[in-house]
Amino acid sequence: MTNKEFSAVGDNKRKDLETASKLELIKNLIFGENIQAYESEFELLKKDILGKKKQLEDLIEAVRTDLRMSIDDVATDINIRITELEDKLESRFEDVEKDQIQKKELGNLLIELGEKIQKK
């Protein structure tokens, strides 16, 4: 870049800054204290919104933790109930098997008794 080009770029930046500075002065003259009051109110609102956002995030995390604990409790309860049901079913199957064995034994005894009666 040549000195003339560099100087032209610098002049443009300087003019832009001067224009921005003049606009800021005009804005302050026209609106003055109102803008400062609005900016102050916006800052308060921004802080309030950020505070509420933090509260909501904390509440969401608390609810998430409670839900996880509830789900764990329900899962534990279901597992206990399933185990109890399995134990009851196994016990009933054993009872049925015992009944079948007893019926077979009773049947065999009746057959033997019948055979003994026929022999006499």
field: Residue satisfying condition, being free of Cβ contacts under 8 Å to residues at least 24 places away in the same chain and over 52 Å from the mean Cα position of the chain (by Cα), within set Gly107, Gly32
entry: Gly107
- prompt: Given the structure, is Leu106 surrounded by 10 or more Cβ atoms within 10 Å (Cβ to Cβ), modelled with pLDDT of 85 or more and assigned to a helix (DSSP H, G or I)?
  reply: no
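The values are calculated or read from the model by the stated rules, or taken from the named source; none is laboratory data. Note that the structure is a prediction, hence the values are computed from the model and not measured. Heads up, the Cβs are rebuilt from the backbone with ideal geometry, glycines too, and the neighbour counts pull from every protein chain shown.
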